[in-house]
Structure formats: C-alpha cells, structure tokens
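Accompanying notes for the structure given below.
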Amino acid sequence: MTRLASAPKALALLRKDFANFGQLMTHVGALCREISRRSVFQTMPMKQLLYLCEHFKWEACPGLQDFALKICRRVTVSQACEDGFNKSKRCVARSYNTAKCQVSRAWHELIHRRILSDVHKYQEPDFREAVRSKGDTKELSDAIFKPSVKASQARVNLLAVVSTKSTPPWPTVSGDTVPKLAADLILLEEVVEKNLWDKLDRCWLCKLLRHGQMLLRRVGAEAWYFCLKDVHGLIALLWPAEAKQIGTCTHYLPAVGPQARKLHTAVVVSLDDWEAMAFSWTSPLRRAVASQTPRHRLVSVRLRQAKP
C-alpha cells in the first residue's frame, strides 16, 4: 500500500519528463540530437513502460507496479552478479598475482560470500506466508506481444551495433553515464518551463563555477549556495549555505537541516541571471577566537570580495 501511495507522484514526474522529451524531439541542434540519442526514453524497457502507462491512463495499479519492479529487478540482479565477479577477481589476484578468475569460482563467491545479504543488505522474503498480487484485472492488448514492424523493416546496419573501439559510439549504462541521463532531465525541465530553447547550447557555462571558491545565487534571491561541481557541462550541483554573523565578519556554513536533504541544481545559460561571491576558508579555531565560543566541528567560510 505504501508503494501504491507514492506511485501517483512518480507517474506524474514520469509523464512530465516524457512531455519535455517530446518537445525536445521537435527542435534541431547538435545538443538536442545528442540528448535525444542517449535519452532513457529511447530504450526498449522505457518504451514498454510508457505503453503500459498510456494503456492504464497514467493511473497507479498493481499491474503497472509489477512491470516496473520487474525492470528494476534486472538491474539489481546484474549488479549483484558483477559484485560477485569483482570480489572473486580480487581474491584470485591476491593469491596468484593475476586478474583472471575461474567462472565456477565466480558463482561460488556470489552464493557463499553472501553478496546479497552483506553487500546489498537484502533480506530473504518469507515466501511461504506471503501472498502474491494477481495484478490488474484489465486485459492487455495482443499488440504488446507482437512485433510492431515487419522482419524486412527490422534490419539494422551492422556498424551501428558493432565497434572495435574501446569506447562504443552508442549510449551505454555505466557509473559515468547515469548522472548524465539525470542531468538531461533536469536541464530539459528548466528549458521547457522558461522557454530557453535558443540558449540550450550555452549550458556549458556551468563549468565556469569554481568548486570551493565561490558562493552562487540567482539574481533577486536571498539564499546563497556553495558550488560543488558540474555534471558533464550540463548542470551544476549546489549545496545550501547558512549565514552567521561572528564579530564584524559574515560566515557561511554548509546547511545541515532539512533543506540540505534535497538535491539543488543550477542551469546556467546566461551569466546575467546569477551572482557569484568569492570567499576564503577559515578554521574552527579562528571562528572560536572571533566569537569567544567553544569550537565548532563545521568549517565555515568568510567573505573575501563580491563579484557580481
């Protein structure tokens, strides 16, 4: 019941991102083509999920939830197997000074080294007492189980799926590309809401935000943020700052309250929309001497000069 209660919010967000992707497909440009090429909406599991969402009229139901969990289960099972192979490979490398391992030992490590329980913190379900959901009572169309094109039209160029390069030219899922996919969705949301399609190719300006050297805020806003880093030149990650007056200086500390639990990002397509302020880091001892209070564990910053 808890999962179904949060499903409407997830479906609303998915529907919004899919609508933004639809607007992206109507625009031209090098960056638009690159974002659409690597988008998650181009993958077959996502297309199947969107088909079911439209079939159930974007309403949360057990049948849609079971299909979404099935897709996510593939990723977790693959990750568990990779952890088993890596742990066995490190074990063999320490023993025989080589990076090769036997296939039989890899599966042995996955089962007997408790990868699921110790690494992923999974608990074995009580399948004897649990009752499995029968899913939605609505019948699906037969078209979902049949190919949508003829066999002659399904042929693709071999060079489009085979490559001799170490880095394949097609989109792949890895720890480096997953943040890029999330940044694409955040960037499209900002561009669609403010109609910034003519400035989309200027998103690289977020690379000018120096990590650990400046505070940033939007023109007209009061809250300042620490600049963390950029995500592949698409968006910038921020951390909220809390102002505190100590003596004659204004210090800013990284926020640790509820506002710090939310992901803060910045889409920079024009330098006129943002204000930056340089600062210098101060030690807890300097803060304690200036305020004549006990030392604090957090490191704060003191303003050095303003550079709007």
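The values are calculated or read from the model by the stated rules, or taken from the named source; none is laboratory data. Keep in mind that this is a model prediction, so the values were computed, not measured. Neighbour counts are summed over all protein chains in view; Cβ atoms, including those assigned to glycine, are modelled from backbone coordinates with ideal geometry.
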Does ARG37 satisfy the criteria of being part of a helix (DSSP H, G or I), in contact with a Pro (Cβ under 8 Å, 6 or more places away or on another chain), at pLDDT 70 or above and closer than 29 Å to GLY233 by Cβ? yes
Looking only at residues that are closer than 26 Å to HIS232 by Cβ and loosely packed, with under 12 Cβ neighbours inside 10 Å in segment 245-269, which one is modelled with the lowest pLDDT? ARG261
What number of residues within segment 200-231 are modelled with pLDDT of 90 or more and at positive phi? 0
Residue that is in a helix (DSSP H, G or I) and either closer than 26 Å to LYS180 by Cα or without any contact (Cβ under 8 Å) to a residue 60 or more places away in the chain (or both), where the choices are ALA260, ALA243: ALA260
State whether one or more residues within segment 210-222 are without any contact (Cβ under 8 Å) to a residue 60 or more places away in the chain and touching a helix residue (DSSP H, G or I) at 6+ places or on another chain (Cβ under 7 Å). yes
